[in-house]
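Down below is the structure, laid out as structure tokens.
The values are calculated or read from the model by the stated rules, or taken from the named source; none is laboratory data. What you see is a predicted model; the values in this text were computed from it and never measured. Please note: Cβ atoms are built from the backbone with ideal geometry, for glycine as well, and neighbour counts cover all protein chains shown. The area values use the complete protein model at the heavy-atom level, side chains included, leaving out ligands, DNA and RNA. Shrake-Rupley method; radii C 1.70, N 1.55, O 1.52, S 1.80 Å.
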Amino acid sequence: QHSRSNNGQKEPTDINALADEYLRLAYHGLRAKDKSFNATLKTDYDEKIDKINVIPQDIGRVILNLITNAFYVVNEKALSAASATLSAASAPTAVKYEPTVSVSTKKEGNKVLISVKDNGNGIPQKILDKIFQPFFTTKPTGQGTGLGLSLSYDIVKAHGGELKIETKEG
């Protein structure tokens, strides 16, 4: 994908429907692989957004990459919270962690903001500068190629947009 040119054509696209479709696709795909995976899905789509000219397959891939990463980190946090709860079984009950992934769209002037938010552990400051680099991954060997965010960054740039990250550790 990094080297192949794209022949996709921009076409008027309902970005809300696209975001929702990829959210459900990612969630059910993950649940098919791991029946124990669960997360709360929250959506907030700006209904004032008209169809926008994008290459739907490409923007869909970006949304899918972001959502897949969000599901991965909330699942990791849930697994570590579960093992911490087991090891502290006699301790007073802490607030139960609920994995949550939110997708929203918002019209801002002549731009559309698509946000994917999770309540995972956040991105450590020391790796923040590297996450858009090709082949950089924090996932264990065999679980990530390190191309998702790099490709997403390139796709968004090619559409005249920007991919930004806001994170808070913990």
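Starting from residues that are under 14 Å from the mean Cα position of the chain (by Cα) and open to solvent by 40 Å² or more (accessible area, probe 1.4 Å), keep the ones in segment 122-146 and report whichever is nearest to Y72 (Cα to Cα).
I123
Select the strands (runs of 3 or more DSSP E) contained entirely in segment 4-94, then report the ones holding at least 1 residues which are out of contact with any Pro (no Cβ under 9 Å at 6 or more places or on another chain), polar (S, T, N, Q) and modelled with pLDDT of 95 or more.
Where strands (runs of 3 or more DSSP E) fall fully within segment 4-94 and carry at least 1 residues being out of contact with any Pro (no Cβ under 9 Å at 6 or more places or on another chain), polar (S, T, N, Q) and modelled with pLDDT of 95 or more, they are 40-44.
Looking only at segment 147-170, count every residue that is open to solvent by 50 Å² or more (accessible area, probe 1.4 Å) and either modelled with pLDDT under 85 or hydroxyl-bearing (S, T, Y) (or both) and tell me the total. Don't jump to the end; show me each part of the working.
The initial filter retains those residues of segment 147-170 that are open to solvent by 50 Å² or more (accessible area, probe 1.4 Å), namely 153-154, 157-158, 160, 162, 164-170.
Next, from what is left, pick out any that are either modelled with pLDDT under 85 or hydroxyl-bearing (S, T, Y) (or both): 153, 167, 170.
Looking only at that region, the number is 3.
Please go through (1) closer than 19 Å to I55 by Cβ; (2) modelled with pLDDT of 95 or more; (3) not β-branched (V, I, T) for S115 and return the number of the only condition it doesn't satisfy.
(1)
Every residue, every condition in (1) open to solvent by 40 Å² or more (accessible area, probe 1.4 Å); (2) among the small types (G, A, S), yes or no:
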{"site": "G29", "(1), (2)": "no, yes"}
{"site": "S36", "(1), (2)": "yes, yes"}
{"site": "K51", "(1), (2)": "yes, no"}
{"site": "N69", "(1), (2)": "yes, no"}
{"site": "L79", "(1), (2)": "yes, no"}
{"site": "A82", "(1), (2)": "yes, yes"}
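Residue pairs, Cβ under 7 Å, 6 or more apart or interchain, first in segment 104-119 and within 17 Å of T68 (Cα to Cα), second of a type outside the set (G, A, S) and open to solvent by 60 Å² or more (accessible area, probe 1.4 Å). List them.
Correct list of pairs: S104/T43; S104/D44.
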